[in-house]
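Participant: One structure is given below, represented as structure tokens, and several questions about it will come after.
Laboratory data are not the source of any read-out in this text; all were calculated from the coordinates shown. These figures come from a predicted structure and were not determined experimentally. Because the Cβ atoms are built from the backbone with ideal geometry, glycine has one as well, and the counts that use them run over all protein chains shown.
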Amino acid sequence: MGTYLRGDVLLAPLCLSTEGRIKVRPVVVLGISGKNELRVSPVSSTPPSKGTVLPLRIDDFSEGGLELNCESYLIADRICRIRVSEVLGKKGRLTTEAIRELLPFSNEEE
């Protein structure tokens, strides 16, 4: 088990589809929820047709990153809870500026 902070970019299994399929995808930590849970928002290479998204570019990372050929999108209105034990790996960390952009969303509850 690791210790994670707001702005960390992790890999975790999530179910975002209406078909109930679980897919391993990048998520951004928005906050800690209890001792063993994280509040995260998923990242997608395709923005949803509606909802709040924040573009993520390679220069939004202070360390690590995603294999980005183009922008990816943080789906800001899809806040999920995951257990720390579900985290498959850490891909990087966002810059201070990018984390500031998350602040309006990081205090929202599901």
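Participant: Pick from the stretch 24-75 the residues that are surrounded by 12 or more Cβ atoms within 10 Å (Cβ to Cβ) and among the basic types (Lys, Arg): which of them is farthest from the chain's Cα centre (by Cα)?
Facilitator: Restricting to residues being surrounded by 12 or more Cβ atoms within 10 Å (Cβ to Cβ) and among the basic types (Lys, Arg), the top hit is Arg57.
Participant: Of everything in the stretch 18-38 that's outside any strand (DSSP E or B) and among the basic types (Lys, Arg), which residue is farthest from Glu86 (Cα to Cα)?
Facilitator: Filtering the stretch 18-38 down to residues outside any strand (DSSP E or B) leaves 18-21, 33-36.
Among the residues that remain, those that are also among the basic types (Lys, Arg) are: 21, 35.
Details: Arg21: 16, Lys35: 14 Å.
Taking the candidates together, the pick is Arg21.
Participant: State all residues of the stretch 18-37 that are in contact with a Leu (Cβ under 8 Å, 6 or more places away or on another chain) and more than 14 Å from Ile75 (Cα to Cα); if no residue qualifies, say none. Spell out how you get there, then give the answer.
Facilitator: Of the stretch 18-37, the ones in contact with a Leu (Cβ under 8 Å, 6 or more places away or on another chain) are 22-32.
Result: Ile22, Lys23, Val24, Gly31, Ile32.
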